[in-house]
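K.L.:
I am attaching a structure below and will ask some questions about it afterwards.
The values are calculated or read from the model by the stated rules, or taken from the named source; none is laboratory data. None of the values given here were measured: they were computed from a predicted structure. Reconstructed Cβ throughout: ideal geometry from the backbone, glycine too, with neighbour counts over all protein chains shown. The protein model used for the area step is the full one, side chains on, heavy atoms only, and it has no ligands, DNA or RNA in it. Shrake-Rupley method; radii C 1.70, N 1.55, O 1.52, S 1.80 Å.
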Amino acid sequence: WRNGARYLVSYDSRDNVNWSKHGFLVLWQQMFFSDVIGDYSFNTKLLDIRGFTELPFWNISMATAVLWEQANGDVPFDMRSGPDGIKRFRGVESLCFNDKQALIIQAEFRKFLGWRLAGDIFYEGGKVGDHFSELWRNKWHQAIGFGGQLALNLKERLYARGELSLIDFKKLGLTVYVREAF
């Protein structure tokens with residue numbers, strides 16, 4: 001059992017939640033779980049900052065993001081901080097890299113190609129660690145990649161995407177998902 005409470009504070013000026021072309025999202029979230037009403041006693045914190053802009057040439061959108069997560073207490077394995085492998089650090093198995101803290105950065109260029117097709121290229125990097133100083137000392141994991149997208153709803157800019165990534169310049173990763181990574 002995991003029962004808890006959370007609060008969330010955000011500012012969202014994005015033009016679309018599916019494929020944003022301009023705007024910002026800043027989100028702060030804390031979740032509190034107590035063993036009085038569940039099996040675990042822990043809390044999590046998350047700071048998510050995203051920015052979107054249209055470049056003045058070739059109708060290309062650029063998206064950037066920074067995510068910081070922290071988990072404290074008796075944290076179950078699947079609630080530890082780390083990339084999910086779909087939206088954050090595409091192509092890795094969920095929680096492949098995890099610990100009490102995680103820092104993830106992302107940058108992506110998106111281009112509508114015509115009809116219902118679009119494409120993207122991206123860079124992602126991330127670190128995990130038990131505490132903040134260890135987070136900075138640990139290895140920086142990286143992924144670069146590209147993908148194709150098929151519009152499921154052009155008006156809402158809802159796409160199904162498939163992406164190939166090269167993780168730490170050693171292993172291939174594949175992601176298939178509906179909606180954008182961020």
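K.L.:
How much FRET efficiency would the formula 1/(1 + (r/R0)^6) give for residue 178 and residue 15, where r is the Cβ-Cβ distance and R0 is 25 Å, rounded to 0.05?
P.N.:
0.80
K.L.:
Rounded to whole Å and sorted largest first, what semi-axes of the equivalent ellipsoid does the C-alpha gyration tensor of the chain yield via the square root of 5 times each eigenvalue? Numbers along the way, then the final one.
P.N.:
Values: eigenvalues 183, 73, 45 Å².
Value: 30, 19, 15 Å, ordered largest first.
K.L.:
Please list, in order along region 39-53, the HN-Hα scalar couplings obtained from phi with the Karplus expression 6.51 cos²θ - 1.76 cosθ + 1.60 (θ = phi - 60°), rounded to whole Hz, x for Gly and Pro.
P.N.:
Those phi angles translate into 9, 10, 10, 7, 9, 10, 10, 8, 10, 10, 10, 10, x, 9, 8 Hz.
K.L.:
What dipole magnitude, in Debye to the nearest 20, does the chain give about its Cα centre under +1 on Lys/Arg Cβ and -1 on Asp/Glu Cβ?
P.N.:
That gives the chain a dipole magnitude of about 500 debye.
K.L.:
Here's another thing I want to ask about it. Please give the direction-averaged projected area of the C-alpha convex hull for region 1-68, in square nanometres with one decimal.
P.N.:
Seen from a random direction, the Cα hull of region 1-68 projects 5.4 nm² on average.
K.L.:
Say each of residue 30 and residue 168 gets a label point 7 Å from the Cα, pointing the same way as Cα to Cβ; how far apart are those two points in nm?
P.N.:
It is 3.4 nm.
K.L.:
Within the chain, which is the longest segment that contains none of the GluC sites (Glu not before Pro) sitting in a DSSP loop with at most 12 other Cβ atoms within 10 Å? Each step should come with its number before you reach the end.
P.N.:
On the way: sites that count: 93, 156.
Maximal segment without exposed cleavage sites: 1-92.
K.L.:
Calculate the dipole size of region 7-50 relative to its Cα centre from +1 charges on Lys and Arg beta carbons and -1 charges on Asp and Glu beta carbons; express the result in debye to the nearest 20.
P.N.:
Numbers: 4 positive and 5 negative charges, 54 e Å.
Approximately 260 debye in magnitude.
K.L.:
Moving on to the next point. Would you kindly derive the ³J(HN,Hα) couplings of region 170-182 from the backbone phi angles with the Karplus curve 6.51 cos²θ - 1.76 cosθ + 1.60 (θ = phi - 60°), listing them in order in whole Hz, with x for Gly and Pro?
P.N.:
Here the 3J(HN,Hα) series is 10, 10, 8, x, 9, 10, 10, 7, 9, 5, 7, 5, 7 Hz.
K.L.:
Just the accessible area per residue of region 19-114, please: how many Å² with a 1.4 Å probe?
P.N.:
Here the per-residue accessible area is 47 Å².
K.L.:
A follow-up question, please. Using modelled amide H (1.01 Å from N, peptide plane; none on Pro or chain starts), what sits under 5 Å from the amide H of residue 158, excluding residues fewer than 5 places away?
P.N.:
Close amide H contacts, sequence-distant or interchain: 152, 153.
K.L.:
So what is the relative contact order for the chain, in percent, with contacts set as C-alpha pairs under 8 Å and at least six apart? Write down the numbers at each step before the final one.
P.N.:
Details: 504 pairs, mean separation 28.8, N = 182.
Averaging sequence separation for qualifying contacts and normalising by length gives 16 percent for the chain.
K.L.:
Filter the cross-link list 87/111; 100/171; 45/139; 21/170; 87/170; 21/139 down to pairs whose alpha-carbon distance in this structure exceeds 28 Å. Let's see the in-between values first.
P.N.:
Working: 87/111 18 Å; 100/171 25 Å; 45/139 22 Å; 21/170 32 Å; 87/170 20 Å; 21/139 32 Å.
In this structure, 21/170; 21/139 exceed 28 Å between Cα atoms.
K.L.:
Also, I was wondering about something else. Helix-only estimate, please: 222 nm mean residue ellipticity of the chain, summing -39500 (n - 2.57) across DSSP H runs of length 4 or more and dividing by its residues, to the nearest 500.
P.N.:
Helix contribution divided over all residues of the chain: -500 deg cm²/dmol.
K.L.:
Evaluate the charge dipole of region 26-122 about its Cα centre and quote only its size in Debye, nearest 20, assuming +1 on the Cβ of each Lys and Arg and -1 on the Cβ of each Asp and Glu.
P.N.:
480
K.L.:
When the chain is fully extended, how far beyond the present Cα-Cα distance does residue 78 get from residue 153, taking 0.36 nm per residue of separation?
P.N.:
That pair, residue 78 and residue 153, stretches by 23.8 nm at full extension.
K.L.:
Next up: With θ taken as phi - 60° and the coefficients 6.51, -1.76 and 1.60, list the Karplus ³J(HN,Hα) couplings across region 88-97 in order, rounded to whole Hz; mark glycine and proline as x.
P.N.:
10, 6, 4, x, 9, 5, 3, 6, 4, 10
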